[in-house]
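In what follows, a single structure is set out as structure tokens and then discussed.
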Amino acid sequence: MQLKQIINDNKDFFYYKTLGEHLRGCSSVLDVGCGSDSPLVRIKKFFTSHGIDAHRPSILKSKDKKIHDNYTVGNINNLRSHFKRKSFDAIIALDVIEHFPKEDSYKLIEEMEKIAKKKVILLTPNGFYPQDGYDSNPYQIHKSGWSSRDLKQLGYKVYGLRGFKYLRGNYATIKYRPWIFWGILAFISEPLLHFSPKLSYHLFAVKNLN
């Protein structure tokens with residue numbers, strides 16, 4: 001049980017490290033679809049952040065945790081009604097674009113690129129993984145699947161995260177037992193597959209706008 005707890009506490013270390021590194025040099029960050037537990041809470045914060053989400057209960061939970069400096073409850077498919085052009089150094093949308101039909105997500109990405117000054121960062125599963133709404137949040141349903149090719153065609157540099165994709169299923173959980181063995185294998189494979197996104201569970205995509 002102790003080993004399992006250690007793995008749970010550190011399983012996303014590489015993800016948070018990667019996110020923090022790509023946000024260096026940014027003094028303001030817009031977290032699109034921030035939810036109740038943004039990964040920004042787990043990295044060293046050297047910037048101001050603004051969270052936007054359509055689900056008010058998630059915003060309230062995030063406020064209780066004091067994750068962001070400012071918040072907006074609003075439809076993220078119409079960002080330009082809330083924010084001006086080039087108003088944030090970086091915009092992140094982590095596990096967001098898969099929750100919309102692709103056509104809507106393409107429009108969202110285009111809007112984010114207009115509002116960001118320096119870069120846009122996306123995180124999405126590699127392929128389509130079915131997911132229903134949960135935690136009384138209907139926005140959690142998955143409606144599209146993405147490949148590294150999709151994102152590269154938009155000018156993004158794509159990296160792999162969370163290890164070998166075939167070890168994980170819905171909600172990024174390990175599919176096989178014993179959990180500890182396969183969990184360790186996923187953890188070890190993550191840095192090895194960082195530059196092989198086609199084989200990784202998560203796609204971490206970065207577009208520098210300068």
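The values are calculated or read from the model by the stated rules, or taken from the named source; none is laboratory data. Keep in mind it's a predicted model, so treat the numbers as computed, not measured. FYI the Cβ positions are ideal-geometry reconstructions off the backbone, even for glycines, and counts take in every protein chain you see. The protein model used for the area step is the full one, side chains on, heavy atoms only, and it has no ligands, DNA or RNA in it. Shrake-Rupley method; radii C 1.70, N 1.55, O 1.52, S 1.80 Å.
Residues that are surrounded by fewer than 18 Cβ atoms within 10 Å (Cβ to Cβ) and in contact with a Leu (Cβ under 7 Å, 6 or more places away or on another chain) within the stretch 64-83 comprise just one, Asn77. Run Lys198 past the list (1) surrounded by 16 or more Cβ atoms within 10 Å (Cβ to Cβ); (2) under 22 Å from Val120 (Cα atoms) and report the number of the one that doesn't hold. Unmet condition: (1).
Of everything in the stretch 84-128 that is β-branched (Val, Ile, Thr) and either in a strand (DSSP E or B) or open to solvent by 20 Å² or more (accessible area, probe 1.4 Å) (or both), the residue that is nearest to Ser36 (Cα to Cα) is Ile92. Taken over the stretch 129-182, the criterion of being within 12 Å of Leu203 (Cβ to Cβ) and part of a helix (DSSP H, G or I) is satisfied by Ser148, Arg149, Asp150, Leu151, Lys152, Lys165. The residues of the stretch 59-85 that are within 17 Å of the chain's Cα centre (by Cα) and either within 19 Å of Ala116 (Cα to Cα) or at pLDDT below 95 (or both), listed by number, are His68, Ile76, Asn77. When every residue of the stretch 65-75 is checked against the conditions, at least one turns out to be closer than 29 Å to Ile174 by Cβ and not β-branched (Val, Ile, Thr). For the condition buried (at least 16 other Cβ atoms within 10 Å of the Cβ), free of Cβ contacts under 8 Å to residues at least 24 places away in the same chain and not hydroxyl-bearing (Ser, Thr, Tyr), what is the one hit in Trp182, Trp146? The conditions single out Trp182.
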